[in-house]
Amino acid sequence: SVRLASFLFYRILMTDKDDRLGKVFATTSGTVTFWVLSFLWGFVVLMPHSMSCFAASSAPLDGAGYAAAGLAAVAFVVEAVADWQKWTFKNKPEGKTTWCAEGLWKFSRHPNYAGEITFWWSIFALNAPNLAAHWPGLALGAVSPIFITLLIRFVSGVNLAEARNDGRFGKSREYQEYKKRTPMLFPGVL
């Protein structure tokens, strides 16, 4: 959250606007709705870790736990690098007239979202041993990565970005080829 908020704050400082939120913050109801939904989002995605903190007993960190923590760290870096690569690309002259296909964007059309989804599944996996003592806790903890995956894939992230890019570049043969050869999220999977 701190990484994303810092990046978005920096971007607004550099551009003096946020095209995605300008209309939302134009009204009081839009602003209140945004902050209430942001709170609920934060509450839901932090559930596995919050519930793990209050578990009756704590499972020791084993190899799977270290792997989950390592994957979370890698996913965090992927998300940050992807955001930075797209930001620097958009500030180049060609960034005004074409799509980003540099760096991680050569391997995924949305590596930032792939990193975000992977991060939250990793956090769930890291906390699963503490939640597994009572299956309802494990099931409730699984709501977090399922929620973020569905939100990013079908509601706010990928769909909006795909529609925006299709609207801007959809008639380009090169863009259509990029879409065919580049997975939406995860190379070799989706």
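Calculate the tail of P(r) for the chain: the fraction of all Cα-Cα distances greater than 23 Å, expressed in %.
51
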Point to revise | Square roots of five times the Cα gyration tensor eigenvalues for region 78-134, Å | key: 34, 9, 7
Exercise for review: Over every pair of different alpha-carbon atoms in region 89-190, take the mean of 1/r and invert it; report that Kirkwood radius in Å.
Suggested key: 15.3
Study note, to complete from the structure: With all protein chains present and a 1.4 Å probe, the order of 83, 62 from largest accessible area down is 62, 83
Exercise for review: Distance from a point 7 Å along Cα→Cβ of residue 53 to each backbone N in region 108-125: keep the residues under 18 Å and list them by number.
Suggested key: 120, 123-125
Check your understanding: Helix-derived [θ] at 222 nm for the chain: sum -39500 (n - 2.57) over DSSP H runs of at least 4, divide by residue count, nearest 500?
Key -> -21500 deg cm²/dmol
Revision key, fill the gap. Taking a ≥ b ≥ c as the square roots of the Cα gyration tensor eigenvalues, with a/c under 1.5 meaning rounded and otherwise prolate when a/b beats b/c or oblate if not, region 150-190 comes out oblate
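The values are calculated or read from the model by the stated rules, or taken from the named source; none is laboratory data. Just so it is clear, the structure is predicted and the values come from calculations on it, not from any experiment. Cβ coordinates were reconstructed from backbone atoms using ideal geometry, including for glycine residues, and neighbour counts include every protein chain displayed. Keep in mind that these areas ignore ligands, DNA and RNA; they rest on the heavy atoms of the full protein, side chains included. Shrake-Rupley method; radii C 1.70, N 1.55, O 1.52, S 1.80 Å.
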